[in-house]
Amino acid sequence: MANRVAVIGSGQTYHTGGRSDVNGQELITEAVTRALKAADLTINDIDGIVIGNMDHFEGINYVDSWSVPGTGGTMKPVIKLTTGGTTGTTLAIAGYHMVASGMFSKLLVIGWEKNTESDTTAAITTAFDPIWDRLVFAGAIGGLAVEAQAYLARYNHSEKDAARVVVRDRAHGAKNPFAHVQKETTIKQVLGSPKIADPLHWLDMCPRTDGACAVIFADEHVAEKICDKPAWVLGTSVRHNAAMTTDVSLDGLHSMKSASKELFSKTGITDPLKQLDVIEMYLPYSYAGLSWIESLGLCKPGDGPKLVWDGVTDMGGELPINPSGGPICGNPIGATALIRVAEATLQIQGRADERQVPDVKTALATGFGGCFWTDMLLFGAAKP
């Protein structure tokens with residue numbers, strides 16, 4: 001029988017638009033040190049390490065090897081994983097399964113990125129097929145703009161609806177000391193910012209961020225002894241459906257539809273809007289905050305804007321989304337989805353400070369990347 005697994009601590013850097021004061025090893029060390037402190041452990045207590053980033057973006061390889069002075073992985077098993085934007089949730093899900101299997105008892109999971117040392121759009125463009133995908137996709141912004149256009153055409157919504165998502169996440173991020181962007185904005189400011197790919201404005205998109213995050217998973221025999229409030233893994237789901245962007249259907253995020261269907265079926269969630277207490281969602285741009293909550297089953301197709309305008313997803317609303325500010329307030333790609341895991345588990349543990357949602361019993365974390373892929377982890381306060 002598999003072990004039940006919980007997150008017992010996490011740590012992250014103060015995310016910024018550029019960390020020229022540190023190298024990759026030093027950036028990683030900051031997150032690791034904070035995670036160990038949060039769990040009241042030392043690196044000697046850790047059995048193994050799982051690490052990942054978008055090495056293609058930065059033109060570097062073997063992070064599992066050269067980062068050892070920063071991770072503390074000397075003479076420990078170190079495993080590297082990377083799956084594009086979903087890297088952070090891939091790391092978390094892999095870490096969960098490794099601990100559940102009994103391979104490790106206390107596992108340190110690390111995601112990081114120094115976006116200032118890369119060209120994200122160029123890297124994404126050259127990652128795709130040069131004949132069929134590259135000219136159409138043209139980096140993250142072009143692909144997301146196509147999805148946004150499809151959504152607007154399908155439901156006749158407006159750019160103002162998407163701007164309301166930015167306003168929400170910026171308001172949340174203003175209370176998060178770790179966020180890259182800690183400044184509120186208005187609908188007028190979002191719509192007045194330059195257009196970068198119709199219908200996307202500059203402020204519709206996430207920033208390029210330097211940062212790292214570390215999360216410690218432990219089996220049930222350890223977690224209950226050393227942590228007063230473990231955040232238990234209730235279930236996970238992965239959908240990396242398409243290998244080429246030309247295979248992706250843009251009438252909603254299909255990978256999220258099928259991933260959430262599986263996850264909710266496994267964990268007894270029949271009404272996510274009522275049964276979830278908080279969601280940390282990988283929203284790389286504003287329109288995802290409309291379309292993808294429909295794909296998640298929080299409302300009917302086309303009703304995303306109403307849910308957002310009614311304040312349902314705001315702090316104080318029925319189901320707050322991204323109390324941390326989400327990727328709209330900082331996107332260190334290799335770490336971004338793992339930050340969603342860290343923030344979701346902080347909510348379960350009641351350790352989210354000013355961004356804390358009251359009495360959280362269930363928290364969902366999602367990852368997005370690649371050819372519109374989705375990863376999901378559901379955490380609970382009660383041991384499954």
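So the values come out like this:
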quantity	calculated
Any hit, the range 339-352, residues being aliphatic (A, V, I, L, M), more than 26 Å from G24 (Cβ to Cβ), in the same structural domain as A242 (by TED's automatic domain parsing) and surrounded by 24 or more Cβ atoms within 10 Å (Cβ to Cβ)	yes
Criterion violated by R239 - all others in (1) among the basic types (K, R); (2) in contact (Cβ under 8 Å) with a residue 12 or more places away in the chain; (3) not assigned by TED's automatic domain parsing to the domain that holds I141 satisfied	(3)
Verdict on D251 being more than 30 Å from D119 (Cα to Cα) and either acidic (D, E) or assigned by TED's automatic domain parsing to the domain that holds L81 (or both)	no
Helices (runs of 4 or more DSSP H) lying entirely in the range 120-178 (those with 2 or more residues that are among the acidic types (D, E), in contact (Cβ under 8 Å) with a residue 12 or more places away in the chain and in the same structural domain as A243 (by TED's automatic domain parsing))	159-173
Positions within the range 259-312 being surrounded by fewer than 16 Cβ atoms within 10 Å (Cβ to Cβ), assigned to a helix (DSSP H, G or I) and of a type in the set (S, T, Y), in sequence order	S265
Single condition R154 does not satisfy, out of (1) modelled with pLDDT of 80 or more; (2) out of contact with any strand residue (DSSP E or B) (no Cβ under 8 Å at 6 or more places or on another chain); (3) surrounded by 19 or more Cβ atoms within 10 Å (Cβ to Cβ)	(3)
Matching residues, the range 226-258, being of a type in the set (D, E, K, R) and part of a loop (DSSP other than H, G, I, E, B)	D228, K229, D251
Condition met for T345 (touching a Gly at 6+ places or on another chain (Cβ under 6 Å) and assigned to a helix (DSSP H, G or I))	no
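The values are calculated or read from the model by the stated rules, or taken from the named source; none is laboratory data. Predicted model, so just to flag it, every value in this text is computed and none were measured. Cβ atoms come from the backbone with ideal geometry, glycine included; neighbour counts cover every protein chain shown.
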